[in-house]
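Colleague: Let me begin by handing over the structure; questions about it come next.
Readers should treat all values here as calculations from the given coordinates under stated rules, not as data from a laboratory. Everything quoted here is computed from the prediction, not taken from an experiment. Glycine also receives a Cβ, built like all others from the backbone with ideal geometry; neighbour counts cover every protein chain displayed.
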Amino acid sequence: MIRLIVIVAVMVAGLIFGPEASGNKGYVLISLGNYTVESSVTSAVILAVLFYGALLIVEWVLARLFGLRRKTQGWFGSRRRRKANLQTVNATLAMAEGHYNQAEKLLIKGADNSDTPLLNYLSAARVAQARGDDVRRDHYLQKAQEENPKAELALTLIQTQLQIEQGQYDSALGRLESIYALNPRHPMVLDQLRQVYLAREDWAALIDLAPALRKVGKLTAQQEETLLHQAWCGRLEAASGSLDTLRTVWQGLPRKQRQDPVLLASYGDRLRRLGADAEAADLWLEALRKDPSPELFARLPKLKLDDYQPMLTLLRKIQDQPGAEAALARVCLLAGQLDEAQRLLEQEVAKAPDAALYHALGQVMDKRRLTNKANEYYRQALQLADI
């Protein structure tokens, strides 16, 4: 635009001053060192205009040459990018088909000219993991970080998730603990810690982590309760080597947890395994007085006691509760009260045939020395149990 203005200005000036200058050519003298140039004003102006025009022509030629070079470079660059994108697509298809060697080669070839080399290296890391090559996996993750240093947290979390999937829990935990110290409320960090603690059966750490998982939205209330049940059951199982250790862990449970039927059942089962059947009976009967639970009713007949009378008394009081009558029938058998046991068992199998009840009826008939009848009930029990 500026050049056009200059040319127009020169032409206007020529039109204005041309006629006047035609009668008065003027004089121009240029002296440079030992050289002297003489010319009329008109000639000097014409030469200046021609010189400026020559400069414009040279500029245009150079612009065309360099523009062609840029276009050529752009064409080759576009071609390389298209080829890299095609290699990435083919690599993705190869991954889906399980051709991991081919996929890895294509991803790395396409990384240099790809619009998204970070994604190429991440995909290559997953391919290396699928091939079981942890060294190359970590190498590609390092290359991804070099491509985007600001993505350190995200890339570290990808690495720890891959380590978790590979069963490298110790390595993952070391990195996660460092991240957790700086990001204690990061949802992905907390969720990966949950995975590691579950795999390592670190129940105490999992119990401490559960409320934080709920706060960041990684667990619903029901999921938190389920996770805590699993963790506390795991702690009880880990402590079931001795009665003293087991009792200590039980006393460490929050009061609400100690009233939970699932945990009551779990604790009583472990007491029973250690020969503390009477203690388990007291625990379960106390819980049943407050809240009748089918889960506990089903366990009462498994206890070996010297005196079943307290249990019988309670079961008769709450006989109308679901599961209580079946438990009463089997406890009557244990207590030697065969008439009541047979009557209740026959009532129960008439309502809903059950392998355990038929087996109990077989035991009643055995005690009555009715062998054929006992064998018949045992056969029915086996049929229902699909044995």
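Colleague: Give a residue-ordered list of calculated ³J(HN,Hα) values for the stretch 324-331 (Karplus: 6.51 cos²θ - 1.76 cosθ + 1.60, θ = phi - 60°; whole Hz; x for Gly, Pro).
Modeller: 6, 5, 5, 5, 4, 4, 6, 5
Colleague: Cross-link partners among lysines for residue 105, C-alpha distance below 24 Å, same-chain residues fewer than 8 apart left out?
Modeller: 83, 143
Colleague: Additional query: Let a ≥ b ≥ c be the square roots of the eigenvalues of the Cα gyration tensor of the stretch 218-292; is it rounded (a/c under 1.5), or, if not, prolate (a/b larger than b/c) or oblate?
Modeller: oblate
Colleague: In addition: Excluding residues fewer than 8 places away in the same chain, name every one of the aspartates and glutamates whose C-alpha is closer than 15 Å to that of residue 367.
Modeller: Filter leaves 339, 340, 376.
Colleague: List the chymotrypsin sites (Phe, Trp or Tyr not before Pro) within the stretch 343-379 that fall in a DSSP loop (any state other than H, G, I, E or B) and whose Cβ has at most 14 other Cβ atoms within 10 Å.
Modeller: Working: sites: 358, 377, 378; in loops: none.
Hits after loop and neighbour filter: nothing returned.
Colleague: Can you compute 3J(HN,Hα) from phi for each residue in the stretch 278-287, using the Karplus curve 6.51 cos²θ - 1.76 cosθ + 1.60 with θ = phi - 60°, rounded to whole Hz and x for Gly and Pro?
Modeller: My calculation for the stretch 278-287 gives 5, 5, 5, 4, 4, 4, 5, 5, 4, 5 Hz in order.
Colleague: Could you please state, rounded to a whole Å, how far the C-alpha centre of the stretch 332-387 is from the C-alpha centre of the stretch 250-287?
Modeller: Each part reduced to its Cα centre gives a spacing of 29 Å.
Colleague: Let me check I have the definition right: for the stretch 269-387, take the eigenvalues of the Cα gyration tensor, multiply each by 5, take square roots. What are those semi-axes in whole Å, largest first? Intermediate results must be reported in sequence, preceding the final value.
Modeller: On the way: eigenvalues 119, 45, 39 Å².
Semi-axis lengths for the stretch 269-387 are 24, 15, 14 Å.
Colleague: Which lysines does residue 290 reach when only Cα atoms under 30 Å apart count, and residues fewer than 8 places away in its own chain are ignored?
Modeller: Straight-distance partners of residue 290: 256, 302, 304, 317, 351.
Colleague: Let me ask another. Mind running the shape call on the stretch 112-181? Use the C-alpha gyration tensor, a ≥ b ≥ c as the square roots of the eigenvalues: rounded below 1.5 for a/c, prolate if a/b tops b/c, oblate otherwise.
Modeller: It is oblate, given that a/c is not under 1.5 and a/b is not larger than b/c.
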